[in-house]
1. Ranked highest first by the average count of other Cβ atoms within 10 Å around their residues, in what order do A:241-251, B:163-173 fall?
2. Can you list residues from other chains, or at least 5 along the same chain, whose modelled amide H is less than 5 Å from the amide H of B:D183?
3. Given H placed on each backbone N at 1.01 Å, which residues far from A:R167 in sequence or on other chains put an amide H within less than 5 Å of it?
4. Among all lysine pairs in the protein assembly as shown that are eight or more places apart or on different chains, how many have alpha carbons less than 18 angstrom apart?
5. Taking a ≥ b ≥ c as the square roots of the eigenvalues of the Cα gyration tensor of segment A:27-128, is the shape rounded (a/c under 1.5), prolate (a/b larger than b/c) or oblate?
6. Once each part is reduced to its C-alpha centroid, what is the distance from segment A:163-177 to segment A:286-301 in angstrom?
7. Between B:T160 and B:D144, what length comes free when the chain is fully extended (0.36 nm per residue of separation minus the Cα-Cα distance, one decimal in nm)?
8. Take the alpha carbon gyration tensor of segment B:262-336, find the square roots of its eigenvalues, order them as a ≥ b ≥ c, and report rounded if a/c is under 1.5; if not, report prolate when a/b exceeds b/c, else oblate.
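Since every read-out is calculated from the coordinates, none of them should be taken as a lab result. Quantities reported herein were computed from a predicted structural model and do not represent experimental measurements. Using ideal geometry, Cβ is built from the backbone for each residue, glycine included, and neighbour counts are taken over all protein chains shown.
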Amino acid sequence: MNANPQLDRQGRLQHLLTTDGLPPGIIHQILDTARSFHESGADSRKLPLLAGKSVFNLFFEPSTRTRTTFEIAAKRLSADVINLNVASSSQSKGETLLDTVDNLSAMHADMFVVRHAESGAAHMIARHVAPGIHVVNAGDGRHAHPTQALLDMYTIRHFKGAFENLRVAIVGDVTHSRVARSQIHALTTLKVPEVRVIGPNTLIPRDVASLGVHVYNDMRAGLRDVDVVIMLRLQNERMNGALLPSREEYFKYYGLTPDKLVLARPDAIVMHPGPMNRGVEIDSAVADGAQSVILAQVTFGIFVRMAVMAILAENS
Amino acid sequence: MKILIRGGRLVDPAQGLDAPGELCIAAGRVVGCGRVPDGFVANRVIEAGGRVVAPGLVDLSARLREPGFEYLATLESEMAAAVAGGVTSLACPPDTDPALDEPGLVEMLKYRAQGLNQCRVYPVGALTTALAGQRLTEMAELRDAGCVAFSQAGSPIADTQVLARALSYAATFDFCVWLQPQDAYLGHGGFAHDGEVATRLGLPAIPVTTETVAIATIVLLMRDTGARVHLCRVSSAAGLEMIRAARAEGLPLSCDVGVHHLHLSDVDIGWFDSNCHLSPPLRAVRDRDALRAGAASGLVDAVCSDHSPVDEDNKQVPFAESEAGATALELLLPLTLKWGREMGLGLGETLARVTTHPARILGVQAGSLAEGVAADVCIFDPAQEWLLAPDSLVSQGKNTPFVGYPLQGRVTQTLVGGNLVFDRQAAER
């Protein structure tokens, strides 16, 4: 149970579930493979790497953007893609998660791309499926969103060249963010010397320092001299649970505005996993500004997801 | 029927006894402990060479799931599991469906249990109707029907005025109130200890303050009402310190821990092992170590199984969707022995936590081999190693974090009131 459930006995990637414990060599392999797709212009023509394979997009939680980018990535690798919006079908009829997975496995699935509202769902499916079927976690609860984190690493490497001398700040609702957790593990694995998280205490998990990050409540102090600013999305429902008083106060103290961004290094890049709440966590002047690489992240996301699926298929 | 248990090592913490000797039983009672009375002629001899002859275990919390949850377990299955685990007396919490809030339900449960003629069942009555935390139950009537204490099981009373009045009313009759210290709000929506593991896994968390705020409230209300309270399933070092302080000022406060919490911590959740989804949650290693030390020093009075059989369907789901609980009646003895060995305690001291001490909390005459008491006896081989496989368990619940673990110490025979209710050789034949 405590062994690394993502790797086979030879240490090859079998499932991509989390960046927690993912060896740096595999992260670099994914980033290098993504770059080869990027440089070879694979966005305009199909590659046969997943020809004859069936990829099931199994989304237990609504998502448009992530599902679409996985679909595009799989199709560029010539896979057959089946999209299942399970939230509106079998689960509402009472079928259990593992029954759904068994049924789809019986339809000869080669790969599941899974999103689920509960932490650990992808791990559970990966433990359950037959050998040879791969599971890619497209977001489980608050736990992990590894392909997002990997495309963020790709973006950072693309613009900054290397990881070993960077200061990175992650700003916002870390407690509820699977993206933040996966980014933190990826950044520390890639030996980024200083990772900061910035936010009010109600949105920062109690023991986050144990993940190797420094906590800042003061956004201005936290942004000073950083090379990369990663903004997190703030969900509206955070006002209901007495975590925050209002979006307005949040924006005033933790929204990224041009006057706060100047505290970072002049060549700092601004990232956001999307979808953005303009005027809540980020000012439009920053989101659309010269330092923003937010749209590049989206483009790179397809190459990174292609890379993950190609490597998993190769390890079959 | 006269029974002679011969050649065993008699261990009875109630008498401070640990010596080889014979145990003689007649008409359901112990008539000779360490000696054979003059003229005693046994109809039946149980050879206990190389084994320990101890009082039957007294378990302060075992969910039998009846009435209402028969798909999870039945009285038949779980009482058979109890005696297979050497448990001869158990208290069952009131969180059945319906809750044990009416004398009729309690009488029915007692009647069903007696008919099965296995271990003794002591129902714990609901403190409030349907455990809803609003109206008091008829506690005196429930006591007359057979309840030994009153509790809210896992449903804390949110309204502190109701809690204060429940304690005050219970104190009128000197009833002991058993409370699992849980603030009704602080752990809301949480599933794992608020620490490094929950942070890393992104599991909604239950902070230690869930327990400490509740203990503070209970202690203040105890001073005010004079109620006797037993705290069930203490889980944190900080909670234990508050209990130490309350006892130092002389408050009638006792407490127990679940046996899992003596061995496991949140780290054992690994990658979302739902078998480690327990209530209260497994906390940090330092909490576990404080519970282990507290149980050894006597600050923690008793160790219980907190047996909660859960079926596969309710565990084969993501961690937060899984039902809390583990099967444990058959693990109580080997896991308690393991803790005792690791803490360097003698066998008598170890067994006291699952015999004499819980019997005192229950207020029943059990947990002893003294002459004159009912012959509830557990005979076990302290050296036997066995591998815990799901199908090696009698309980209908097969879910335990210890699946695949080698355990040491196994019950061979169990007697309740002088009746041989479990004999492993016969059961396995």
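1. B:163-173, A:241-251
2. Excluding prolines and chain starts, which carry no amide H, the hits are B:E211, B:A214.
3. For A:R167, whose amide H was placed from the backbone, the distant partners under 5 Å are A:D227, A:V228.
4. 5
5. prolate
6. 16 Å
7. My answer for the length gained is 3.0 nm.
8. In terms of gyration-tensor shape, oblate.
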